[in-house]
Structure formats: structure tokens, C-alpha cells
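Sharing a structure, written as C-alpha cells. Questions coming.
The values are calculated or read from the model by the stated rules, or taken from the named source; none is laboratory data. Quick caveat: nothing in here was measured; it's all calculated off a predicted structure. Here the Cβ positions follow ideal geometry from the backbone for every residue, glycine too, while neighbour counts run over all protein chains shown. Note: accessible area is taken over every heavy atom of the protein model, side chains too, but ligands, DNA and RNA are not part of it. Shrake-Rupley method; radii C 1.70, N 1.55, O 1.52, S 1.80 Å.
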Amino acid sequence: MLAARVYGNEDLRLENVEKPRITSPEDVIIKVKMVGICGSDNHIFHGENPFVVLPRVMGHEVVGEVAELGENVKDLLVGDHIVVEQISYCGKCYACRQGMPNVCSHLEALGVHKDGGMQEYLKITAMQAHKIDKSVPWETAVLAEPYTVAGNSTTRGQVGIGKTLVIQGAGTIGLLTLRMAKAKGANVMVTDIDQDKLNFAKENGADEIVNTKNESLKEKVTKWTNGEMANVVIDAVGLPQTFEQCFELVSVAGAIVPLGMSEKYSHIAQKPIMQKELTIYGSRMQSYQFEPVIKAIENGLLIDGGVVNQKFDIKDVQKAFDLMNNHPEQARKIVLTFD
Ligand SMILES: [Zn+2]
Ligand SMILES: [Zn+2]
């Protein structure tokens with residue numbers, strides 16, 4: 001079977017490898033139908049992801065059909081449609097005991113620490129297999145994982161009815177976070193420097209959009225909130241400057257959720273944190289978000305709506321990364337298919 005494996009910076013090879021076999025009674029083998037390409041995959045492709053161990057088959061946004069089951073897996077059938085959960089964890093460490101298995105001391109994430117979904121068949125354990133109704137198109141199901149990222153950040157930041165939220169960045173994660181926040185009842189302002197992305201955010205329910213190339217975000221937030229400022233700020237850009245800016249956009253008793261993984265330093269004073277009693281929430285991937293996200297997708301509350309706009313066969317995986325790097329404006333969400 002085919003597998004796309006990264007060996008180093010821009011060294012992506014399509015290989016013929018052996019199909020996985022059931023070796024434990026809890027194993028599930030998935031025939032992969034679709035894999036989304038994430039910004040973090042592009043970091044791996046460029047050798048810039050600090051967590052990854054190379055060489056690696058990427059892909060953590062994976063959907064497919066059950067092809068084979070270990071003997072202990074009783075709640076799934078061959079042919080069931082599955083959304084794959086990317087993490088496996090120990091269940092015993094401090095993080096796991098706090099209900100935060102996404103930061104388990106022994107965390108293993110597909111496509112990062114273990115080979116992921118950019119291959120025709122993928123072996124996972126039953127705990128990682130979430131069934132989704134067969135009526136849901138693969139293009140929508142494949143957004144479940146990025147939606148769990150939005151579910152996690154909005155849960156961490158306690159986004160909900162009556163709250164004002166600023167999302168910095170109208171890329172894929174910013175956009176899915178917007179839809180999630182609207183589903184949770186918040187008032188949402190979205191910022192970017194790309195007017196097309198902002199217009200798409202507006203079509204997708206943003207109450208306010210701000211082009212930070214030619215408008216003062218601080219002034220806009222002040223006016224929008226009658227001086228209260230935003231109760232929650234989610235930074236889906238991840239630059240040192242955008243993280244710094246969160247502190248002047250946030251209200252008293254507010255929350256900041258940075259999503260970037262940059263190792264660059266930001267310049268932040270202690271005073272606003274103390275004075276406004278701010279909370280800064282880290283948010284890494286997700287914990288326990290697949291079940292609510294899948295239900296919301298099945299109910300039509302969370303949709304695709306034109307986010308998945310580029311498809312490539314696994315054989316053309318190189319072209320998919322070329323598009324992502326050379327024409328990012330054309331790629332909201334690129335997916336790989338396996339037919
Ligand atoms: Zn991702
Ligand atoms: Zn653990």
C-alpha cells in the first residue's frame with residue numbers, strides 16, 4: 001500500500017509499504033478515505049515541528065471505514081464510518097488524572113510521534129475510533145478533528161452565551177473556531193490582514209470583521225464592546241506580536257487562549273495580568289471533544305460550507321504541499337483522497 005513519509009525538510013517520499021495487521025485484540029484497521037492537511041503538517045514538511053520524530057507518515061485529520069477488527073472490539077462493525085482520534089495516552093499521569101489526556105506525559109499523537117493517516121490503511125486502537133453516521137459526507141467528517149481543536153480552545157476559554165470573543169486570524173482554525181463560538185452563543189469579532197478571508201468569516205457568522213492592515217484593532221474592540229473590551233481573545237495567528245496584542249484587547253477578568261507553537265519570545269508586562277486578573281489558557285489539540293463535535297456535525301450544527309476546497313489523490317501529495325506553500329490563498333482546507 002502507499003504511504004507518504006517525510007524524511008527531512010521538503011523531503012517527502014511516496015513509498016510502498018506493508019499493510020498493517022491486527023496484533024492486539026483492541027486493534028482497529030481503518031481503510032483511510034480522506035485526510036486533511038493541517039498547518040502543523042506543513043511545519044513537519046519543512047522540518048519545523050518541535051514535537052515530531054522523523055521519518056514520519058503525517059496526517060492526524062483522518063476519516064475512513066473499518067476494514068478489520070481485533071476480537072475484543074464489540075461496538076464497531078466492518079464498514080462503519082470512523083473519525084480517528086489522534087491521541088493515545090497513559091491514563092495514569094498527573095495530566096490524565098486531571099482529565100487532560102491531550103497533555104499526557106506519555107502522549108503519542110498520530111502523524112507526530114506515530115505514523116498517521118497519509119497511508120492507505122492505518123492501525124489504531126478501539127479508543128481512538130469514533131463512529132460517525134454514514135449520511136455525513138467525508139468532506140464534512142474530515143473537519144471533525146480541526147473542529148475538536150476549536151472545541152477545546154473555546155472550552156478552555158469558557159466561550160459561551162453573552163460573551164464577547166475576538167479571534168485573531170481567519171485561517172482554517174480561526175474560521176472553525178468562529179463557527180464553534182457562534183454555535184456556543186458568543187458574539188464574535190474576527191481579525192486578519194486578508195480581506196477575502198475576512199469576507200468569508202462574515203459569511204460564516206462573524207458579528208464583526210477587522211482588517212488589521214488598515215484599522216486599529218484596539219479602537220475597534222473598544223467601540224464594539226462599549227469600552228469593556230473582549231471577554232475572551234483567541235490567538236489563531238501565533239506571532240509574538242499577536243500574542244502581545246491579546247493583553248490590550250482583553251477585558252477585566254478575561255481569558256486569553258494562544259494557539260501558536262512558536263518558540264519566539266513575546267514581550268509582556270505582568271501588570272495587566274495582575275490588574276485585570278487575567279487567565280491564560282494553553283490549548284493543545286483536544287481532550288474529550290470528539291463526541292460532542294461528531295454529534296454537532298450529525299445534527300448539522302457544524303458544517304463544511306466550502307472549507308474543504310482542494311482535493312488531491314494521495315499519489316499527488318507533493319502537489320498538495322506545493323499548492324499549500326505557493327498559493328496558500330487558494331487553500332482553505334486541502335484534503336487527500338484514496339480512490
Ligand atoms: Zn492539526
Ligand atoms: Zn497520562
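Restricting attention to helices (runs of 4 or more DSSP H) lying wholly within segment 254-339, give those where 3 or more residues are over 29 Å from Glu108 (Cα atoms). Outline the logic, then answer.
Working: elements: 271-275, 290-298, 317-326.
Fully inside segment 254-339 and qualifying: 271-275.
Over 19 Å from the mean Cα position of the chain (by Cα), at pLDDT 95 or above, buried (at least 17 other Cβ atoms within 10 Å of the Cβ) and more than 16 Å from ligand 1 (Cβ to nearest atom), is that true of Lys134?
Details: over 19 Å from the mean Cα position of the chain (by Cα): yes; at pLDDT 95 or above: yes; buried (at least 17 other Cβ atoms within 10 Å of the Cβ): no; more than 16 Å from ligand 1 (Cβ to nearest atom): yes.
When the stated conditions are applied, Lys134 does not pass them.
Okay, next question. Of everything in segment 91-121, what is within 16 Å of ligand 1 (Cβ to nearest atom), open to solvent by less than 70 Å² (accessible area, probe 1.4 Å) and either assigned by TED's automatic domain parsing to the domain that holds Arg156 or within 25 Å of Met34 (Cβ to Cβ) (or both)? Give them in sequence order.
Within segment 91-121, the subset within 16 Å of ligand 1 (Cβ to nearest atom) is 102-103, 107-118.
Of the ones still in play, those that are also open to solvent by less than 70 Å² (accessible area, probe 1.4 Å) are 102-103, 107, 109-118.
Once the filter is applied, which keeps residues that are within 16 Å of ligand 1 (Cβ to nearest atom), open to solvent by less than 70 Å² (accessible area, probe 1.4 Å) and either assigned by TED's automatic domain parsing to the domain that holds Arg156 or within 25 Å of Met34 (Cβ to Cβ) (or both), segment 91-121 yields Asn102, Leu107, Ala109, Leu110, Gly111, Val112, His113, Lys114, Asp115, Gly116, Gly117, Met118.
Would you check which residues across segment 32-51 are at negative phi and open to solvent by 30 Å² or more (accessible area, probe 1.4 Å) and list them? Outline the logic, then answer.
Just the residues of segment 32-51 that are at negative phi, to begin with: 32-46, 48-51.
Hits for segment 32-51 are Lys33, Gly39, His43, His46, Glu48, Pro50, Phe51.
Further, regarding this structure: Taking the condition assigned to a strand (DSSP E or B), out of contact with any Ser or Thr (no Cβ under 6 Å at 6 or more places or on another chain) and surrounded by 14 or more Cβ atoms within 10 Å (Cβ to Cβ), does Ser251 pass? Steps first, answer last, please.
On the way: assigned to a strand (DSSP E or B): yes; out of contact with any Ser or Thr (no Cβ under 6 Å at 6 or more places or on another chain): yes; surrounded by 14 or more Cβ atoms within 10 Å (Cβ to Cβ): yes.
It is true that Ser251 is assigned to a strand (DSSP E or B), out of contact with any Ser or Thr (no Cβ under 6 Å at 6 or more places or on another chain) and surrounded by 14 or more Cβ atoms within 10 Å (Cβ to Cβ).
Is segment 144-160 home to any residue that is modelled with pLDDT of 95 or more, open to solvent by 50 Å² or more (accessible area, probe 1.4 Å), under 30 Å from Ile87 (Cα atoms) and assigned to a loop (DSSP other than H, G, I, E, B)? Working first, answer last.
Step one: filter segment 144-160 for residues modelled with pLDDT of 95 or more, giving 144-160.
Still in the list and also open to solvent by 50 Å² or more (accessible area, probe 1.4 Å): 155-156, 158.
Restricting the remaining residues to those that are under 30 Å from Ile87 (Cα atoms) gives 155-156, 158.
From the residues that got through so far, the ones that are assigned to a loop (DSSP other than H, G, I, E, B) too are 158.
Checked segment 144-160: at least one residue is modelled with pLDDT of 95 or more, open to solvent by 50 Å² or more (accessible area, probe 1.4 Å), under 30 Å from Ile87 (Cα atoms) and assigned to a loop (DSSP other than H, G, I, E, B).
From Lys163, Lys213, Lys202, which residue is in contact (Cβ under 8 Å) with a residue 24 or more places away in the chain and open to solvent by 60 Å² or more (accessible area, probe 1.4 Å)?
Residue meeting the stated conditions: Lys163.
Take Leu239 and decide whether it is more than 16 Å from ligand 2 (Cβ to nearest atom) and under 23 Å from the mean Cα position of the chain (by Cα). Before you say what the answer is, go through the steps one by one.
Values: more than 16 Å from ligand 2 (Cβ to nearest atom): yes; under 23 Å from the mean Cα position of the chain (by Cα): yes.
Yes: the conditions hold for Leu239.
Hey, another quick one. If a residue counts only when it is in contact with a Leu (Cβ under 9 Å, 6 or more places away or on another chain), away from ligand 1 (no atom under 14 Å from the Cβ) and among the charged types (D, E, K, R), which strands (runs of 3 or more DSSP E) contained entirely in segment 1-86 have at least 1 such residues? Step through it out loud before you land on a result.
Numbers: elements: 2-8, 11-16, 27-36, 61-69, 81-84.
It comes to 2-8, 11-16, 27-36.
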